[in-house]
Amino acid sequence: MTAQAEIAFDTDKDYEVVDGVMEEKMAGGKHGRTIMRLGARLQMHVETRNLGDIYGPDTTFQIGQNERLPDLAFVSAERIPEDGVPEGKWEIAPDLAVEVISPNDPWEKVNSKVAAYFAAGVREVWLVSLGQRTISIYNSPTQIRILKEDDELINEELLPGFRCRISEIFGKPVSEDSEEKAQ
């Protein structure tokens with residue numbers, strides 16, 4: 001049995017299939033915390049306004065020849081099939097794909113993923129940088145806005161009425177949380 005086949009049977013991990021090769025998705029505490037903070041805000045907004053559905057990092061989408069698991073994804077209500085959400089992977093690309101960039105993610109790989117999302121029909125990509133505490137909003141592979149902690153994330157096109165301060169998504173830096181608890 002090859003190492004590739006052995007990896008395929010580890011059901012405790014999430015994998016993307018990229019160019020026919022399984023790649024393990026790795027995340028840590030800050031990554032998970034940030035996804036939950038952003039995801040909760042998006043979910044409440046989308047659900048209250050019946051805009052569609054938000055999906056977490058264990059939902060697979062067919063992106064060209066690859067199977068991707070964005071950290072967060074949004075599919076608009078008008079694109080959800082009449083028979084409902086699929087049991088397995090989505091055969092369509094989401095309208096919005098959100099990726100939290102890990103410190104070990106090479107820029108070329110991230111850039112390639114953004115391009116693949118747009119080629120598959122994703123309308124917007126958000127790259128969340130934990131280190132810089134910024135969110136880069138891609139409206140195309142070349143049209144980018146970078147939002148810093150003092151900025152407000154506003155999205156009228158995909159998520160009418162959505163507003164959120166970038167600092168709310170990141171919360172306090174973990175070191176500040178620890179200092180407050182110690183006092």
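Since every read-out is calculated from the coordinates, none of them should be taken as a lab result. The model shown is predicted, which means the values in this text are computed figures rather than measured ones.
Just for segment 36-98, what percent of DSSP beta bridges are antiparallel, to the closest 5?
Bridges in segment 36-98 that DSSP calls antiparallel: roughly 90 percent.
Whole number please: convex hull volume per residue, Cα atoms of segment 14-182, in Å³.
That works out to 126 Å³ per residue.
Give, in nm to one decimal, the length gained when the segment between Ser76 and Gln132 is fully stretched (0.36 nm per residue of separation minus the Cα-Cα distance).
Taking 0.36 nm per residue and subtracting the Cα distance, the gain is 17.2 nm.
Kindly write out, for segment 111-121 in residue order, the coupling ³J(HN,Hα) from the Karplus curve 6.51 cos²θ - 1.76 cosθ + 1.60 (θ = phi - 60°), rounded to whole Hz, with x marking Gly and Pro.
3J(HN,Hα) across segment 111-121, in whole Hz: 4, 5, 5, 4, 4, 5, 4, 5, 4, 7, x.
Which pairs in the list Lys109/Lys172; Lys113/Lys172; Lys89/Lys113 are over 27 Å apart, alpha-carbon to alpha-carbon?
On the way: Lys109/Lys172 29 Å; Lys113/Lys172 29 Å; Lys89/Lys113 18 Å.
Pairs exceeding 27 Å: Lys109/Lys172; Lys113/Lys172.
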